[in-house]
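The values are calculated or read from the model by the stated rules, or taken from the named source; none is laboratory data. Everything quoted here is computed from the prediction, not taken from an experiment. Ideal geometry is used to build each Cβ from the backbone, glycine not excepted, and the neighbour counts take in all protein chains shown. Note: accessible area is taken over every heavy atom of the protein model, side chains too, but ligands, DNA and RNA are not part of it. Shrake-Rupley method; radii C 1.70, N 1.55, O 1.52, S 1.80 Å.
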Amino acid sequence: MLHLAEATTPFDTAAVATTPAHGDRQFGFDSRLSRAIDRDHPFVYHDADLLAVITAFQGRPGMRLLPVVGRTDRPLGVIYEADVRKLLFNPFGHDLLANPGITSNIADYLRDCPVRAIDARIDTLISEFRTDSYFEGLIVTQQNRYVGVLSNRALLRVAAEQESGRSERRGERLAAIESSAAAFRSHATRASTE
């Protein structure tokens, strides 16, 4: 079930939507990754007009990409903020798009974006992040249905947490080895003096 996002203008209530939280439907995936997913990230349906896209970007200024989904909530691609920037910053862009005489098709702006299942391994996502130079984020799905967006910044934060955890475990193993070695040396010293 989809919920309409809060309207910022009278034009955007019909086309911009957000997903409800899916936290109660977790399937044992990494909780760090699950927490990093922006489940309230707006998206538009494939039949939305360009005015809805512009309104969504204006309503969330830091947003870098806007997912486009089909009526079954299956992701079809994204519209990048960089691709519609001229319309966003044009003082007449919004008025032009609101003019019923001007048709605006979002298909012209639709681009590919990585789509990954919510149970994807963090290591795999990080590896893909390193190889994709255009990476602004990725669309996260559950059972092929849109769940939210994982931004590149959020993925880097998860990677840092993961590496910090690994370093902490290595430190604990090293301390345990050093403790065992010290106990062995002490025992060997006592045995050699007897």
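With the simple spin-label model, which puts each label point 7 Å out from Cα in the Cβ direction, the N99 to S179 separation comes to 7.5 nm. So, R0 is 41 Å and r is the distance between the beta-carbons of K86 and Q143; what FRET efficiency does that work out to, to 0.05? Between K86 and Q143 the formula returns 0.65. Residues H187, H46, sorted by accessible area with the largest first, give H187, H46 [1.4 Å probe; ligands and nucleic acids excluded].
Evaluate E = 1/(1 + (r/R0)^6) for R35 and R190, where r is the Cβ-Cβ distance and R0 equals 41 Å; express this FRET efficiency to the nearest 0.05. So the FRET efficiency works out to roughly 0.20. For segment 30-164, the relative contact order is 29 percent, taking Cα pairs closer than 8 Å that sit 6 or more residues apart in sequence and dividing their mean separation by the residue count.
For segment 67-123, state which trypsin sites (Lys or Arg not before Pro) are in a DSSP loop and have at most 15 other beta carbons lying within 10 Å of their beta carbon.
R71, R121
If you sort E128, E161, E81 by accessible surface, 1.4 Å probe, largest first, the order is E161, E128, E81. Annotation: L65 carries an accessible surface of approximately 0 Å², with a 1.4 Å probe and no ligand, DNA or RNA atoms counted. Averaging the sequence gap over all C-alpha pairs within less than 8 Å and six or more residues apart, then dividing by the number of residues, gives segment 102-194 a relative contact order of 20 percent.
Rolling a 1.4 angstrom probe over segment 97-194 with all protein chains present gives an accessible area of which 50% lies on carbon and sulfur atoms. Residue separation of D119 and S164 scaled by 0.36 nm, minus their Cα-Cα distance, works out to 14.1 nm of gained length.
Each residue of segment 143-153 is assigned a 3J(HN,Hα), and the resulting list reads 6, 6, 10, 4, 10, x, 10, 10, 6, 4, 5 Hz, derived from the Karplus form 6.51 cos²θ - 1.76 cosθ + 1.60 (θ = phi - 60°), x at Gly and Pro.
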